[in-house]
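The values are calculated or read from the model by the stated rules, or taken from the named source; none is laboratory data. Model, not experiment: these values are computed from the prediction. Because the Cβ atoms are built from the backbone with ideal geometry, glycine has one as well, and the counts that use them run over all protein chains shown.
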């Protein structure tokens, strides 16, 4: 649904639109007439600045200066053409290409911008502003290569002062995002000294200092007043700190800040866009659309704006399901937003699991939810990505914005890759950790609790650690506890985010085991008081962060040391077993799979040795051993639907109906859109005299629009009959016979019911 607008041609841009002001260029352009206009703009004298730029367009100045004036006035097509002409006239002038690259960067064309910056560096390898532009693009893409471009600006005092100041501001922003407050403060001091010596506008500096105050729990920063005195219409003084509210998941506070930004700078498209996206996170749909449309009016080429507006349009394909249907005093409402093709299938399970999670986490963490919970599920992963970040392409499964949860639906990914029930449980834990702390909980702890609760109390419990995390353990890549948030915000290697998730889960598991569940809860509430991680560990657990790191390392070694020692052997065996599977060498597979299980019994990924063991045992005729292998896989948290469906059938054949039911219920957490699953599960439940549960499964099977509707109605009739509702049963039988008039089982049951009714009347 969502078009990718990352690359487009400026030649296609309309003649003009009401653009927001150009960013401060810190001396990338030195023409005195242009600087006169820029000074007016930087001081917030916008009418005078516009008149100055229009006058400049008529002056006999170089084409690149005309381009700057056109850019400032919002005529990007003209600006692009003038930069192109200027670059053709002076192909060796790197400064022209730098500003042309800046224009592309500002219009969401990072790839083209980087190409032009490289051309500028080819012409002038040390050009400070080309280095700066490249660094900005790469930092925005979380690319560590940005350091290559930043380092010369931070270490070489001969570089242009304005570019060096801007580089220090980038360092400050990244440091604040990583909660490295000391590094941020140093970077801001460096930037301030340079800006003062060059008399460059301090607006971005003030905004970042206000953001630092915010992160230090000083919401009313003195730098806000200083910025407004310098330029009363500079919306960045609110929008830049608001960004840090967003990344610390304080969405309602971010909404307030972005609103203040657009109040004083109505043309600030980025603030309208972020305000709209965050209003969606707070379920304020109408107000969100208003600001997204305002952003679009100013900047119609922002991919995040365009995609989010299109997502809003798609909501007509979704249904709202409220539980309870009619509000009840004392019952917290739960609302589901589900695609209409899946709503009837997913809703009953999602509501039940949400209610169970609320009860579990209320008890465990001593917090009662204050507002209704809203859960959205998206069958198109790219729609979910746009819902959460405004852009497609992110790899997460779910996101929580307080009382609003958004996640992939079961149909968004292949069943073997995604356990939607566990994801919902994970996200509901976030609702509690965020709301219990007024969103002050650090990311690592909130993620850690959610992962730990998946393992401990989730619908399919079991400690599931991917192999990439074991590899990271062996390479000693776990971060100190006080720095664990950095692994989420600014990862430095592939897989670091998932490694950080698992480390955080293990940390919470360790706290729970070593100090008790009460202490885990106390750490949570320490964050509500505004404590940082190190202080919370020291205050609640009575141990320094460094000593905690040592104790945690001992815990990891106790729990996983034997695995790490044998990890290379495990990998070698895995390669061997793959070859033996191709050769169907079942005897060898039994030995190799057993060896892998001995090393790492908890490994239940799609290539788990349990599955290979079961296959080999079955091929060799050892049926009970095959069952045992898949049972171990299931009990350890394995959820491959094909493997578990096979196990359920084996258990049913062995007269172990209750176990067969439990196995299929796990499959339902993975692939609830499997019509056959619900029919089989309903049959097992009905045979076990659990007709109410069977009825649900049969109704879901019918909602999946089966080809054999007669059997679907007949099954529902049987469940109603078992529940003593003969009228409902007869109604379903008539529907079955309407589809298939000669369907004998339905005829027989209907006759039995009619005879029973006749007997009752006679009596």
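Of the residues that make up the range 742-756, is at least one within 23 Å of residue 342 (Cα to Cα) and in contact with a helix residue (DSSP H, G or I) (Cβ under 9 Å, 6 or more places away or on another chain)?
no
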Index of the failed condition, residue 352 passing every other in (1) in contact with a helix residue (DSSP H, G or I) (Cβ under 7 Å, 6 or more places away or on another chain); (2) closer than 30 Å to residue 518 by Cβ: (1)
In the range 184-215, what residues are at pLDDT 95 or above and under 29 Å from the mean Cα position of the chain (by Cα)? 184, 204, 207, 208, 209, 210, 211, 212, 213
Could you tell me whether the range 675-685 includes any residue that is within 24 Å of residue 470 (Cβ to Cβ), modelled with pLDDT of 95 or more, touching a helix residue (DSSP H, G or I) at 6+ places or on another chain (Cβ under 7 Å) and surrounded by 18 or more Cβ atoms within 10 Å (Cβ to Cβ)? no
Could you tell me whether any residue of the range 216-225 is outside any loop (DSSP other than H, G, I, E, B), modelled with pLDDT of 95 or more and surrounded by 18 or more Cβ atoms within 10 Å (Cβ to Cβ)? yes
Please note which helices (runs of 4 or more DSSP H) are completely contained in the range 492-552 and include at least 3 residues that are closer than 30 Å to residue 147 by Cα. 496-515
Under the condition of being in contact (Cβ under 8 Å) with a residue 24 or more places away in the chain and either surrounded by fewer than 16 Cβ atoms within 10 Å (Cβ to Cβ) or touching a strand residue (DSSP E or B) at 6+ places or on another chain (Cβ under 6 Å) (or both), which residue from the range 585-601 is nearest to residue 628 (Cα to Cα)? 601
Of the residues 88, 51, 67, which single one is surrounded by 21 or more Cβ atoms within 10 Å (Cβ to Cβ) and not assigned by TED's automatic domain parsing to the domain that holds residue 265? 67
Need the failing condition index for residue 142 against (1) touching a residue at least 12 places away in the same chain (Cβ under 8 Å); (2) in contact with a helix residue (DSSP H, G or I) (Cβ under 8 Å, 6 or more places away or on another chain); (3) in a loop (DSSP other than H, G, I, E, B), just the number. (2)
Looking at 125, 134 in this structure, which one is out of contact with any strand residue (DSSP E or B) (no Cβ under 8 Å at 6 or more places or on another chain) and buried (at least 22 other Cβ atoms within 10 Å of the Cβ)? 134
Scan (1) assigned to a helix (DSSP H, G or I); (2) in contact (Cβ under 8 Å) with a residue 40 or more places away in the chain for the single condition residue 338 breaks and write down its number. (1)
